[in-house]
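Undergrad: Here it is, the structure in full.
The values are calculated or read from the model by the stated rules, or taken from the named source; none is laboratory data. What you see is a predicted model, and the numbers here were worked out from it, not measured in a lab. Positions of Cβ are backbone-derived with ideal geometry, glycine not excepted, and every protein chain shown enters the neighbour counts.
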Amino acid sequence: MRRCGPRGKHRNCVAIVIQRRNASGVRLAHAHRRSGGVEVLLGLVYALISIYLLAQPVAGLVALTLALAIYLFLEAVLEFTAWGFLRRLPGAGWLLFDGVVTLILAS
């Protein structure tokens, strides 16, 4: 498994990306002061996720993979539903095609 980090230190790339996104999101929320605490809450969630990924990299990546598969499956279901309602319109076949491809990616 390929690792990233400064000077070849073994770290989980996904955790590092989440930590950097967390830092930028908290800075953005502080600068604009109009997020209503949502960015701070997301920052806390991202911090907890990145700590978990650093502590348990294999289990964390399995969980992320499962979350992505569930997301793609739900998107495919929505594409099929949209195609069902719009199938008589021109170009609706692309919704069906998108649903099939998304379902394949989810599996």
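Undergrad: Would you say L61 is at pLDDT 90 or above, part of a helix (DSSP H, G or I) and in contact with a helix residue (DSSP H, G or I) (Cβ under 9 Å, 6 or more places away or on another chain)?
TA: For L61, the condition - at pLDDT 90 or above, part of a helix (DSSP H, G or I) and in contact with a helix residue (DSSP H, G or I) (Cβ under 9 Å, 6 or more places away or on another chain) - is not met.
Undergrad: Let me ask another. What number of residues in the stretch 64-80 are of a type in the set (S, T, Y) and in contact with a helix residue (DSSP H, G or I) (Cβ under 9 Å, 6 or more places away or on another chain)?
TA: 1
Undergrad: Scanning the stretch 80-107 for residues that are surrounded by 13 or more Cβ atoms within 10 Å (Cβ to Cβ) and of a type in the set (V, I, T), which turns out nearest to L68 (Cα to Cα)?
TA: Initial filter on the stretch 80-107 (surrounded by 13 or more Cβ atoms within 10 Å (Cβ to Cβ)): 80, 82-83, 86, 92, 95-96, 98-103, 105-106.
Okay, now just the ones that are also of a type in the set (V, I, T), so 100-102.
Numbers: V100: 16, V101: 15, T102: 11 Å.
Among those residues, the one meeting the criterion is T102.
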